[in-house]
1. Ignoring solvent entirely, what values of log10 I(q)/I(0) come out of the Debye formula for region B:12-94 at 0.22 Å⁻¹ when each Cα is a single scatterer?
2. Partner chain Cβ atoms within 10 Å, averaged over the residues of B:61-68 - can you pull that number for me?
3. Determine the shielding of peptide A:12-20 by partner chains: average, over its residues, the number of Cβ atoms on other chains within 10 angstrom of each Cβ.
4. For a test of understanding, tell me how many lysine pairs in the protein assembly as shown have Cα atoms under 17 Å apart, given they are 8 or more places apart or on different chains.
5. Could you work out the mean projected area of the convex hull around the alpha carbons of region B:113-213, in square nanometres to one decimal?
6. Measure out, as a whole number of angstrom, how far apart the alpha-carbon centroids of region A:1-27 and region B:166-195 sit.
7. For chain A, what is the per residue volume of the convex hull drawn over the alpha-carbon atoms, in cubic angstrom?
8. How about the protein assembly as shown: what cysteines have no other cysteine beta carbon under 4.7 Å from their own?
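Values in this text are rule-based calculations from the coordinates and carry no lab data. The structure displayed is predicted, hence computed values, not measured ones. Using ideal geometry, Cβ is built from the backbone for each residue, glycine included, and neighbour counts are taken over all protein chains shown.
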Amino acid sequence: MLTCKELGERASDYLDSEMNWRDRVSVRLHLMMCKHCRAYMDQLAKTVQLLRDDASTVDAGEPDPRLIALLSKRSGEAS
Amino acid sequence: MRGQKPTAAMSDELLVVGLKKGDEAAFRQIFARENAALLAFARNFVRESAAAEEAVQDTWVAVIGGIGRFEGRSTLRSWIFSVLANIARTKAKRDGRVLSFSDMGYNDPAVDPDRFSGDGTWLSPPGRWSEINPERILGGRQLLAHAMAVLEQLPPNQRAVVQLRDLEGLSAPDACEILGITESNQRILLHRGRSRIRAAIEVLMDTEKGEQFDPTK
């Protein structure tokens with residue numbers, strides 16, 4: 001039987017579906033019985049979602065003119 | 001993904017074709033999409049901003065020069081990150097900074113062991129997070145900014161994996177390829193990195209709860 005501590009170590013594998021079916025069933029059974037681990041799994045899932053939803057747009061700035069010049073050279077070679 | 005999101009974005013396929021022809025619009029679109037993320041990623045290998053900027057500049061030069069050899073076996077984004085990782089690794093080595101992605105950040109537990117009893121059950125269980133979103137202000141700090149600040153504090157190998165997998169949305173095999181690590185190490189680093197960020201958010205949530213229910217206030 002999987003302990004809460006062991007589940008804590010494998011939680012990302014479960015969320016990312018990187019677990020064999022036997023381990024997955026074991027985690028699911030544990031989650032059905034343990035509200036604390038359900039809360040933990042939910043916290044980790046929300047953390048991942050927060051990072052994935054990162055909508056902050058960072059100004060990339062302008063490419064260095066030397067890169068554009070290099071590109072023009074490539075354009076000349078391609079044509 | 002942290003780069004700018006241009007309107008009417010071209011598909012990767014069109015961008016590659018454009019770049020092969022030396023099309024400036026295609027290059028500018030890729031640059032706008034990737035440059036900020038590349039700069040953040042470079043900092044895992046070289047500490048100083050100037051060195052990171054140099055590594056990214058060299059990456060763009062290599063991308064423009066080498067796009068003809070890009071065969072589409074990986075995604076364009078993954079290929080560009082691979083180019084950067086190679087350049088930044090060489091730079092770090094040249095500057096005498098030996099960067100090993102194989103010897104740190106593996107052993108810390110995902111959850112503080114003191115929170116479990118001897119039989120592995122929760123002694124100090126986690127609470128429920130009812131609503132969590134990037135705009136949420138907790139304890140005077142914007143939640144996403146807090147998560148990003150914790151990300152910056154992670155060991156470089158954990159940070160690199162979290163950046164590639166969760167921020168940039170790359171696959172596990174792509175992250176392994178870029179960082180030159182095994183699949184199992186990638187999984188460990190990802191979970192350790194995420195766990196530290198979760199723990200930091202938990203502290204912030206608990207602080208807020210404490211403030212809400214503090215009877216002396």
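1. After summing over all Cα pairs, the log10 values are -1.00.
2. Details: counts 4, 0, 1, 6, 3, 0, 1, 3.
Taking all residues of B:61-68 together, the mean is 2.
3. Neighbouring Cβ atoms belonging to other protein chains average 3 per residue here.
4. Here the count comes out as 5.
5. Working: hull surface 31.7 nm².
Dividing the Cα hull surface by four gives the mean projection, 7.9 nm².
6. About 17 Å separates the Cα centre of region A:1-27 from the one of region B:166-195.
7. Per-residue hull volume (Cα only) is 167 Å³.
8. A:Cys4, B:Cys176
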